[in-house]
Amino acid sequence: MNTAELAETCAGAVSGGRLGRMLDELAQWGAREDGGVDRQTLTTQDLSARRWIAGLYATRAGYKVAIDAAANIFIRREGNDPALAPVLTGSHLDTQPAGGRLDGAFGVVAGLEVFNALDEAGIRTQRAMEVAAWTNEEGCRFSPGLMGSNAFVDPTQMDGLRSVLDAQGITFGAAVDSACQDFAESARSNGWHGFDAPMKRAIHACIEAHIEQGPELERAALQVGCVNAIQGVRWYEMTFSGRSSHAGTTPLAARDDAMVKAVAAAHAVLGMAALEMQADPSLRITVGRFQALPASINTIAREARFTIDLRHPDDKVLEAMQVRLLQLCAQASHTAVLLCKPPVPFDAALHQLTQEACTRLGLPHMSMLSGAFHDAMPLAAHTPTVMLFAPSRDGLSHNPAEHTPIEDLTACTRALAFCMTRLACPN
Ligand code: GLV
Ligand code: MN
Ligand code: MN
């Protein structure tokens, strides 16, 4: 068989039944009563999910598992030539606090289903393949997101990241160390086959599968998105200061109310955002978190702050918007840029491969931009990278109701299987 035929055979062996069962099982760790998932990074729920995923493959012939210094885990299917750099796929296991079952989990499970399909079809590849589960993509427990994949690509960031605190005062470094210890204990007691996974190691190519998290594929009645770029994103936190005093006794003239300043600024930001988003449909501006201190019903706030999430495919637009946002928040006592990522174009040849995969497999598809950021964003600075999307029902994600029909998840996984096999086998 030539490589294209091998790739088609692997894609044909992808099983929606197996894929669905793995997703169901994974969703039990952090399951919410409303059907969603709350699995914060490196918590006991996340560690259980990681142990289960790694344990499925860690003692099978031809497989090895590893954890790196950012607690990213890797499941590796050996190739015929161990000297060649692996083909990498995967995504993240952490979720939003009121998250769904697919955001991140689908990309990890899709990669594992490609392994199952290769095994079933008896295909040996020249290059190894690896499925990664990147640490803290969401940025909910430790801010900002993409910590594991950023650290993999630029390990010098690890020192700074280790001191980031969660709401309980636990450092990211301490959480990473416990996860590494947990993994090492499981490996020892279960006889897992391990390998060394230094950060920044050579990767031949990276393909991340993910749900779209927006409405475009469903609107177009298509099964697969061939993603050619991720739009730029900037996160800000605007802090406003005042003086705490008694709500019942302090007259207007004596008040220095942080809430008044923050609400006025947030109102101005949202007003401008509504007008600008109407004028430019590619623009996204969101005020997602609003906090006051001491957050007491009968105390005037001494501090109030809110976050802004700004996104656009053009970095010049982001720069111009930033100037306007800072002007509207001129009363802030402190403004912080929490995240600043320019738009990332994906590798043109890999993008073409995703389209070829869909065409050969007869999967209805289109090229598209990613509105959300993903672990593929930092990876693209390290190795040729691309993404595949499956549609999201009602365009909904970061919501317990997040859903994609299993046929569409299977179609996207077939495209992933085709691409990975092509990349891991000689021509
Ligand atoms: C990732 O979840 C994002 O906010 O784009
Ligand atoms: Mn995600
Ligand atoms: Mn997400």
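The values are calculated or read from the model by the stated rules, or taken from the named source; none is laboratory data. Not measured: the values here are computed from a predicted model. Cβ atoms come from the backbone with ideal geometry, glycine included; neighbour counts cover every protein chain shown. These area figures cover heavy atoms from the full protein model, side chains too; ligands, DNA and RNA do not enter into them. Shrake-Rupley method; radii C 1.70, N 1.55, O 1.52, S 1.80 Å.
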* Asked: Tell me, what is the FRET efficiency for S367 and H204 to the nearest 0.05, using R0 = 22 angstrom and their Cβ-Cβ distance as r?
  -> 0.45
* Asked: Sorted from largest down, what three extents in whole angstroms do the Cα atoms of region 252-385 have along their principal axes?
  -> 72, 29, 25
* Based on the alpha-carbon gyration tensor of region 1-79 and its eigenvalue square roots a ≥ b ≥ c, which shape applies: rounded if a/c is under 1.5, prolate if not and a/b is larger than b/c, or oblate? -> oblate
* Which ³J(HN,Hα) values, rounded to whole Hz and listed in residue order, are derived for region 339-344 from phi using the Karplus coefficients 6.51, -1.76 and 1.60 in 6.51 cos²θ - 1.76 cosθ + 1.60 with θ = phi - 60°, glycine and proline given as x? -> 7, 8, 10, x, x, 10
* Which is farthest toward the positive dipole end of the chain among A205, P294, L338, measuring Cα position about the Cα centre, with Cβ charges +1 (Lys, Arg) and -1 (Asp, Glu)? -> P294
* Structure fact -> Residues whose modelled amide H sits under 5 Å from the amide H of A301, counting only those 5 or more places away in sequence or on another chain, are A258, M259
* To do: May I ask you to evaluate 6.51 cos²θ - 1.76 cosθ + 1.60, the Karplus curve with θ = phi - 60°, for each residue of region 82-97 and list the ³J(HN,Hα) values in order in whole Hz, giving x for glycine and proline?
  => x, 7, 7, 5, x, 8, 10, 9, x, 7, 9, 9, 6, 10, 5, x
* Structure fact -> Per its Cα gyration tensor (rounded if a/c is under 1.5, else prolate when a/b beats b/c, else oblate), region 178-292 is best filed as oblate
* Divide the volume of the convex hull of the Cα atoms of region 265-340 by its number of residues and quote the answer in cubic angstrom per residue. => 97 Å³
* **Kirkwood hydrodynamic radius of the chain, Cα pairs, Å** => 22.6 Å
* To do: Determine the equivalent ellipsoid of region 339-413 by diagonalising the alpha-carbon gyration tensor, then write out the semi-axes as square roots of 5 times the eigenvalues, largest first, rounded to whole Å.
  => 22, 20, 9
* What is the calculated FRET efficiency for E120 to A83, with r their C-beta to C-beta distance and R₀ = 30 Å, to the nearest 0.05? -> 0.65
* Asked: For region 110-267, what number results from the quotient of the Cα radius of gyration and 2.2 N^0.38 Å?
  -> 1.57
* Among Y63, Q126, T3, which residue has its Cα positioned farthest towards the positive end of the charge dipole of the chain, with +1 placed on the Cβ of Lys and Arg, -1 on the Cβ of Asp and Glu, and the dipole taken about the Cα centre? -> Y63
* Kindly report, to the nearest 10 Å², the accessible surface of C340 as traced by a 1.4 Å probe over protein heavy atoms only. => 80 Å²
* Could you size up the charge dipole of region 70-166 around its Cα centre, putting +1 on the beta carbon of Lys and Arg and -1 on that of Asp and Glu, and report it in debye to the nearest 20? => 100 debye
* Structure fact -> Relative to the chain, whose Cα atoms define the longest principal axis, helix 16-26 and its Cα axis are tilted in degrees, nearest 10, by 40 degrees
* Asked: Taking N as the number of residues in region 81-182, what is its alpha-carbon radius of gyration divided by 2.2 N^0.38 Å?
  -> 1.26
